[in-house]
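The values are calculated or read from the model by the stated rules, or taken from the named source; none is laboratory data. Predicted model, so just to flag it, every value in this text is computed and none were measured. Cβ coordinates were reconstructed from backbone atoms using ideal geometry, including for glycine residues, and neighbour counts include every protein chain displayed. In case anyone asks, the SASA skips ligands and DNA or RNA and just uses the protein heavy atoms, side chains included. Shrake-Rupley method; radii C 1.70, N 1.55, O 1.52, S 1.80 Å.
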Amino acid sequence: MAEMSIAEALRQAIREEMARDDRVFCIGEDIGIPGGFGGAFTVTLGLSDEFGRDRVLDTPISEIAIAGVAIGAAIAGMRPIADVQYGDFLFCMMDQIANQAAKMRYMSGGQVSVPMVMRAPVGQTRRGAQHAQSLEAFFTHIPGLKVVAPSTAYDAKGLLKSAVRDENPVLVFEHKLLYGSKGPRSERGALSPVGEVPDEEYLVPIGEGVIRREGKDVTIVGKLLTMYRALQAAEILAEEGIEAEVIDPRTLVPLDKELILASVRKTGRLVIAEEDNLTGGWAAEIAAIVADEGFVWLDAPIKRVSAPDVPAPFSPALDDAYMPNEHKIVAAVKSLL
Amino acid sequence: MEAKTILLNRGAEPTGLPESDSLVDMYRRMKLIRRFEERVNDLYLQGRIPSTLHLYIGQEAVAVGVCAGLREDDYVLSTHRPHGHSLAKGVEPRAILAELLGKVTGCCRGKGGSMHVGDITKGVYPAVAIVGGNIPIAAGAGLAAKMRGDGQVEACFFGDGAANEGAWHEGLNIAAIWDLPVVFVCENNLYAASTPFSLTFKVENVADRACAYGIPGVTVDGMDVLAVYRAANEAIERARQGGGPTLLECKTYRFCGHSRSDPRTYRGREEEQEWQKLDAIPRMRQWLVGSGLSDDGQLDEIDDWVERTFDEALEFAEASPEPDVSELFTDVFKE
Ligand SMILES: Cc1ncc(C[n+]2csc(CCOP(=O)(O)OP(=O)(O)O)c2C)c(N)n1
Ligand SMILES: [Mg+2]
């Protein structure tokens with residue numbers, strides 16, 4: 001076992017997969033420049049020294065090309081891992097991802113597949129509204145894309161390795177405040193959880209959620225940063241004798257809905273916490289599934305704790321009102337009891 | 001079409017320059033930007049500014065040289081490195097500083113932050129932090145000006161890195177085919193974050209690409225405010241007369257890191273020192289004194305004014321209130 005941050009765990013996953021399979025390579029902006037950053041959050045730091053700059057490809061600032069080249073290389077037999085500097089720039093790549101990568105397998109009647117990974121950091125860090133979005137829901141909406149969102153070092157490593165081996169396009173969403181990037185690339189106010197990662201090889205299968213804390217009174221579903229907020233909320237609630245069960249889906253597509261439904265069956269109450277804006281968010285989909293398939297077990301309405309329907313503000317004075325946090329989750333839970 | 005390269009002919013008497021007052025003003029504006037950025041960096045290091053900063057230190061001659069040729073009712077489109085563009089066009093230092101501190105008196109009411117500063121009443125659209133995203137928007141603003149026929153010109157700033165975005169190609173081409181009144185100003189500071197220019201271009205100059213769009217491409221010494229001014233002014237006047245866009249490339253250098261706490265380990269200290277020697281501000285000062293257009297007394301006074309201006313701006317920004325929580329919900333739509 002070794003203790004490591006999520007950034008380190010992701011780096012290890014890439015390292016192991018590149019060593020295992022010659023077809024795996026990294027592509028992105030500022031990921032392998034000597035003396036550079038190793039990507040915006042240090043995930044690829046040192047990999048260009050280890051594997052050479054032919055397998056850690058530094059691109060121009062050309063998001064469409066990064067996505068398109070990754071897709072092209074993937075259909076031609078390679079296993080690209082594309083680095084998106086900030087998740088927000090996925091919008092610059094949208095045609096390649098939504099119209100091309102997601103639909104190629106289907107439209108070709110199964111002739112081609114796109115075994116490509118895209119890693120994208122999400123989350124509000126007060127850089128303004130163009131560097132803050134949590135855009136998972138946009139991609140869960142598109143058939144043909146798998147979407148994972150690891151919140152621990154163990155899951156980050158295991159899921160990224162599974163993503164590289166998957167035959168389909170997989171988007172890996174990572175949270176800026178969870179990386180634990182060190183030195184000049186560290187983030188103010190980061191949570192930076194450190195976790196245990198086994199020395200021996202392991203995979204975390206895509207499509208399996210996990211119960212982070214057991215409880216019988218209410219189910220709280222949270223991913224990435226809001227998973228930690230949910231755990232904090234559960235602590236607060238426990239002091240008042242309320243036992244919350246916290247579920248981390250880990251994979252958003254395909255969703256482990258049985259895990260969520262089984263929990264709701266036990267608790268009868270559901271709160272979904274996420275950092276995205278409320279309307280049309282991923283939380284809405286979870287609520288819809290439970291309303292559809294688990295209605296009979298519900299003792300109370302389903303509550304969502306999300307960011308309001310506004311772009312991310314810059315001023316720290318507005319941050320509390322914007323961000324879903326443990327107190328808002330606690331309040332949502334109490335409104336159901 | 002050939003790309004044209006104008007490099008400062010050092011020692012030669014510059015021609016086509018404005019009144020001496022305006023020349024002294026160029027010094028004042030460059031100095032204001034330099035000290036604003038240096039002092040903002042100090043505040044940042046003290047933890048008094050949230051998040052991140054992209055400073056303009058080293059590139060002052062570009063913003064000032066271009067904006068000196070613009071009319072008050074011309075517009076600037078800016079980038080993730082926008083403080084210098086705003087200051088050069090006349091946005092109040094206090095409005096920018098208050099924005100950086102997240103105060104409601106900031107030019108974007110504290111809701112935009114460093115990467116989005118701008119004040120349309122001063123002819124600066126709030127800056128665009130998506131690299132290359134401002135290029136087609138500049139074409140659109142140019143189209144509006146052309147449709148109105150009021151002779152307004154847009155100056156669109158961007159870095160070398162932005163020239164490799166797909167949006168850059170589409171924006172330049174549409175501005176070219178419709179003869180839109182836009183000056184595309186490339187600040188080629190040789191790096192896009194950590195990535196060196198030579199790694200991402202097969203051409204020597206960004207302006208070499210102008211011929212692909214059938215528009216004039218000009219490369220100037222971006223460390224010489226007079227060279228920038230003359231080239232920009234020509235492009236601005238051409239745009240104003242209906243002659244369409246120009247791609248103006250200014251070779252420059254950022255003396256600081258790319259963003260907050262960048263140790264700059266991807267470039268050599270010698271290279272940095274070579275560029276420091278070309279610092280536009282002492283060069284302009286020397287030239288103003290040497291040519292008798294100003295003297296040390298006047299320029300020292302300007303330097304003092306710069307410090308006072310920042311002091312006052314800081315006092316204003318710090319005394320300003322933070323946005324009320326209700327601000328979170330306003331401005332999503334225009335009511
Ligand atoms: C579409 C997009 N991709 C990447 C980034 C991240 N990013 C911000 S600034 C920058 C480098 C920009 O280089 P350049 O255009 O040369 O401008 P400079 O920073 O040198 O002024 C990068 C990659 C971004 N903001 N937008
Ligand atoms: Mg640059």
> Among (1) closer than 30 Å to A:GLY35 by Cα; (2) in contact with a helix residue (DSSP H, G or I) (Cβ under 8 Å, 6 or more places away or on another chain); (3) modelled with pLDDT of 95 or more, which single condition is B:LEU199 missing?
Replying inline: (2)
>> Please count how many residues of region B:91-130 are surrounded by fewer than 20 Cβ atoms within 10 Å (Cβ to Cβ) and among the acidic types (Asp, Glu).
In response: 1
> Looking at region B:205-221, is at least one residue within 14 Å of ligand 1 (Cβ to nearest atom), under 16 Å from the mean Cα position of the chain (by Cα) and among the aliphatic types (A, V, I, L, M)?
Replying inline: no
> Counting only residues that are within 14 Å of chain B (Cβ to nearest Cβ) and touching a residue at least 60 places away in the same chain (Cβ under 8 Å), which one in region A:304-314 is farthest from B:GLY113 (Cα to Cα)?
Replying inline: A:ALA307
> Which ones in region A:106-133 are out of contact with any Ser or Thr (no Cβ under 9 Å at 6 or more places or on another chain) and not hydrophobic (A, V, I, L, M, F, W, C)?
Replying inline: A:TYR106, A:SER108, A:GLY109, A:GLY110, A:GLN111, A:SER113, A:PRO115, A:ARG119, A:PRO121, A:GLN130, A:GLN133
>> Return the pair list, or none, for Cβ contacts closer than 6 Å from residues in region A:50-76 that are more than 13 Å from chain B (Cβ to nearest Cβ) to residues that are outside any helix (DSSP H, G or I) and surrounded by fewer than 19 Cβ atoms within 10 Å (Cβ to Cβ), at least 6 apart or on different chains.
In response: A:ILE75/A:VAL112
> So is B:ALA232 more than 14 Å from chain A (Cβ to nearest Cβ) and either more than 16 Å from ligand 1 (Cβ to nearest atom) or part of a loop (DSSP other than H, G, I, E, B) (or both) or not?
Replying inline: yes
> Which numbered condition trips up A:GLY180, out of (1) at pLDDT 95 or above; (2) in the same structural domain as A:SER151 (by TED's automatic domain parsing)?
Replying inline: (1)
> When you go through A:GLY110, A:GLY158 one by one, which is the residue that is on the phi > 0 side of the Ramachandran plot and more than 14 Å from chain B (Cβ to nearest Cβ)?
Replying inline: A:GLY110
> Of all residues in region B:257-298, how many are within 16 Å of ligand 2 (Cβ to nearest atom) and open to solvent by 20 Å² or more (accessible area, probe 1.4 Å)?
Replying inline: 5
>> Any residue at all in region B:106-127 that's of a type in the set (S, T, N, Q) and more than 16 Å from ligand 2 (Cβ to nearest atom)?
In response: yes
>> Here's a check for you: in region B:315-328, which residue that is touching a helix residue (DSSP H, G or I) at 6+ places or on another chain (Cβ under 6 Å) and either aliphatic (A, V, I, L, M) or not in a helix (DSSP H, G or I) (or both) is nearest to B:ILE96 (Cα to Cα)?
In response: B:ALA317
> For region A:1-94, which strands (runs of 3 or more DSSP E) that fit wholly inside it have 3 or more residues that are touching a Lys or Arg at 6+ places or on another chain (Cβ under 7 Å) and open to solvent by 50 Å² or more (accessible area, probe 1.4 Å)?
Replying inline: none
>> With more than 22 Å from A:ASP276 (Cβ to Cβ), of a type in the set (Gly, Ala, Ser) and more than 14 Å from chain B (Cβ to nearest Cβ) as the only criterion, which of A:ALA149, A:ALA137, A:ALA153, A:ALA163 stands out?
In response: A:ALA153
>> Checking the conditions here, which among A:GLU245, A:GLU293, A:GLU285 is out of contact with any His (no Cβ under 8 Å at 6 or more places or on another chain) and open to solvent by less than 20 Å² (accessible area, probe 1.4 Å)?
In response: A:GLU245
> Out of all the residues in region B:235-256, which are open to solvent by 10 Å² or more (accessible area, probe 1.4 Å) and part of a loop (DSSP other than H, G, I, E, B)?
Replying inline: B:GLN241, B:GLY242, B:GLY243, B:PHE255, B:CYS256
>> Pull out all pairs, ordered by first then second residue, where Cβ-Cβ is under 7 Å, the residues are six or more apart or on different chains, the first lies in region B:31-60 and is more than 14 Å from chain A (Cβ to nearest Cβ), and the second is of a type in the set (Gly, Ala, Ser) and more than 13 Å from ligand 1 (Cβ to nearest atom).
In response: B:ILE33/B:ALA88; B:GLU60/B:ALA280
> Just for region A:166-201: of the residues that are within 14 Å of another protein chain (Cβ to nearest Cβ) and under 15 Å from A:GLU3 (Cα atoms), which one is most open to solvent (accessible area, probe 1.4 Å)?
Replying inline: A:LYS182
> Is region B:131-142 home to any residue that is part of a loop (DSSP other than H, G, I, E, B), within 14 Å of ligand 1 (Cβ to nearest atom), aliphatic (A, V, I, L, M) and open to solvent by 10 Å² or more (accessible area, probe 1.4 Å)?
Replying inline: yes
> On the given criteria, is A:LEU261 out of contact with any strand residue (DSSP E or B) (no Cβ under 7 Å at 6 or more places or on another chain), open to solvent by less than 20 Å² (accessible area, probe 1.4 Å) and not small (Gly, Ala, Ser)?
Replying inline: yes
> Do we find a residue being away from ligand 2 (no atom under 16 Å from the Cβ), open to solvent by 10 Å² or more (accessible area, probe 1.4 Å) and without any contact (Cβ under 8 Å) to a residue 60 or more places away in the chain anywhere in region B:193-201?
Replying inline: no
> Looking at region B:143-167, which of the residues that are crowded, with 24+ Cβ neighbours inside 10 Å and of a type in the set (A, V, I, L, M) is farthest from ligand 2 (Cβ to nearest atom)?
Replying inline: B:VAL153
>> Can you pull out every residue in region B:168-190 that is within 16 Å of ligand 2 (Cβ to nearest atom) and open to solvent by 20 Å² or more (accessible area, probe 1.4 Å)?
In response: B:LEU190
